[in-house]
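Worksheet: the structure to be examined is printed underneath.
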Amino acid sequence: LAVGVPRETFQSERRVALTPQNVQVLRKKGFGKVLVEKDAGASAQFSDEQYTSAGAIIVSRDEVYNSSDILLKVRPPLDGQEVQNVKAGSTLISFLYPVQNKPIVDALAQRKVNAFAMDWIPRISRAQTYDALSSMANIAGYKAVLEASNNFARYLTGQTTAAGKIPPAKVLVIGAGVAGLSAIVTARRMGAIVRGFDTRSAAREQVQSLGAEFLEVSIKEEGGGGGGYAKVMSKEFIAAEMALFMEQAKDVDIIITTALIPGQPAPKLITSEMVAAMKPGSVIVDLAAEAGGNCEATRPGELYIHNGVTVIGYTDLPSRLPTQSSTLYSNNVTKFLLSIGSDSKFSIDLEDEVVRGSIVVHEGNVLPRVVPPPPP
Ligand code: NAD
């Protein structure tokens, strides 16, 4: 079977779905050919020469689409020409966001493609090695702290120098899932005082174990719904947490928000009034920007200054660390592909929980999702 890797064409996307190292792995496992589009890895610092040495064949874009039995991508194929180019009867593995991208899913079904969504891989222990959402969230949390620091005019760490004592910066992280915990650990390593907040009580111990303070409100309400995911909180709870954030806004230098509820718009937790209450020079990084943002002032995809406060709403943080994110994504996708089968043994087994959980189109049929997000 031929595995194909096109260059990602989504605006400013720098990742690539497969690294040279994993080309070698797939070749060793018996895949007949790995076809890589010319310059597919260039933005992630993987050269065509590295791919060739690993056993890939560098080809044109047309040839990747025409000749690949299994197509590996990061972003969903773009609606229109790109999705029409996916070879009929082939298998696609990429982030797909099937609910938001229904026309793309329908086009894949028409082409009798088998399509897997990396964003639908069930979050069970066995599937952790394929969990690309967690890999990307981990990178986004790390990069969020670096972006905040780059736009903050002071140290994050405290220092005692001959020129005077410097206090550490204070960082508030709202939402302590994968991205939030990664932001907390990064800010701690840079020496900041870090506070974390989450609606799930299980997050308390995790936040504290990273050396951060866990903030709480007086209302007792459990935020953990089914499968460790968050649920929509009561109006009273949201009001109490927002009152807490208003107080925090006056005190902290950096706020990183990551609060998300699967299948729901991001809760609006930081109002323009809170932004105005922050000290000039403060920074907000809103990791929920793509889902509408946790902060009223966020402009998705942009960095701008709102009353002296820098508000960062970048939606491509993993792509801003392209070598790292490509490496982890490629590891996730390669292990997932090999779990389905290698070359002559490649067969889609719908009895396999991970396969069934992540498959969106099977032989041209759009299958219903078996692991729906927990009800709100
Ligand atoms: P996420 O990206 O969906 O959400 C981020 C965080 O926002 C969550 O921790 C959530 O509780 C929090 N949140 C929601 N509403 C909030 C509010 N109003 N105020 C403050 N915080 C709010 O979450 P995630 O990173 O996908 O992680 C969710 C859970 O899934 C975690 O418990 C994580 O450990 C677990 N998980 C398990 C696996 C696995 O078993 N393979 C893999 C990844 C994550």
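The values are calculated or read from the model by the stated rules, or taken from the named source; none is laboratory data. Quick caveat: nothing in here was measured; it's all calculated off a predicted structure. So basically every Cβ, Gly included, is an ideal-geometry build from the backbone, and we count neighbours across all protein chains shown.
Annotations for the structure displayed:
- Pair list, Cβ < 8 Å and 6+ apart or interchain, from region 141-163 residues that are loosely packed, with under 12 Cβ neighbours inside 10 Å to residues that are outside any helix (DSSP H, G or I): Ala153/Gly281; Thr160/Ile166
- Taken over region 84-135, the criterion of being away from the ligand (no atom under 16 Å from the Cβ) and basic (Lys, Arg) is satisfied by Lys87, Lys102, Arg111, Lys112.
- Residue, nearest to Ala148 (Cα to Cα), within region 180-205, restricted to residues that are within 13 Å of the ligand (Cβ to nearest atom) and assigned to a helix (DSSP H, G or I): Ala183
- Applying the criterion of being touching a helix residue (DSSP H, G or I) at 6+ places or on another chain (Cβ under 6 Å) and part of a strand (DSSP E or B) to the residues of region 271-290, the residue that is nearest to Ala192 (Cα to Cα) is Val283.
- Identification of helices (runs of 4 or more DSSP H) wholly contained in region 25-116 with 3 or more residues that are in contact (Cβ under 8 Å) with a residue 40 or more places away in the chain and more than 20 Å from Leu133 (Cα to Cα) yields 61-67, 102-110.
- Filtered residues of region 246-258 (kept if of a type in the set (A, V, I, L, M, F, W, C) and under 16 Å from Val311 (Cα atoms)): Ala249, Val252, Ile254, Ile255, Ile256
- Only residues that are away from the ligand (no atom under 11 Å from the Cβ), surrounded by fewer than 24 Cβ atoms within 10 Å (Cβ to Cβ) and either over 19 Å from Asp253 (Cα atoms) or touching a residue at least 12 places away in the same chain (Cβ under 8 Å) (or both) were counted across region 164-179, and they come to 4.
- Residue among Ile238, Ile261, Ile284 that is modelled with pLDDT of 95 or more, among the β-branched types (Val, Ile, Thr) and surrounded by 19 or more Cβ atoms within 10 Å (Cβ to Cβ): Ile284
- Of all residue pairs spaced 6 or more apart or on separate chains, those with beta-carbon atoms under 8 Å, a first member in region 196-213 that is of a type in the set (Lys, Arg) and a second member that is within 11 Å of the ligand (Cβ to nearest atom) and assigned to a helix (DSSP H, G or I) are Arg200/Gly228.
- Within region 316-344, residues that are under 19 Å from Ala115 (Cα atoms) have Cβ atoms under 8 Å from residues that are surrounded by 21 or more Cβ atoms within 10 Å (Cβ to Cβ) and basic (Lys, Arg) in these pairs: Tyr329/Arg15, counting only partners at least 6 apart in sequence or on another chain.
- Screening region 206-221 for residues that are farther than 21 Å from Ile256 by Cα and surrounded by 12 or more Cβ atoms within 10 Å (Cβ to Cβ) and picking the one that is nearest to the ligand (Cβ to nearest atom) gives Glu221.
- Test for Gly293: is it within 12 Å of the ligand (Cβ to nearest atom) and not in a helix (DSSP H, G or I): no
- Options Ile104, Ile121: the member that is crowded, with 22+ Cβ neighbours inside 10 Å and either out of contact with any helix residue (DSSP H, G or I) (no Cβ under 9 Å at 6 or more places or on another chain) or under 15 Å from Ile340 (Cβ atoms) (or both): Ile121
- Number of positions in region 1-20 that are over 15 Å from Gln45 (Cα atoms), touching a strand residue (DSSP E or B) at 6+ places or on another chain (Cβ under 9 Å) and either part of a loop (DSSP other than H, G, I, E, B) or not aliphatic (A, V, I, L, M) (or both): 3
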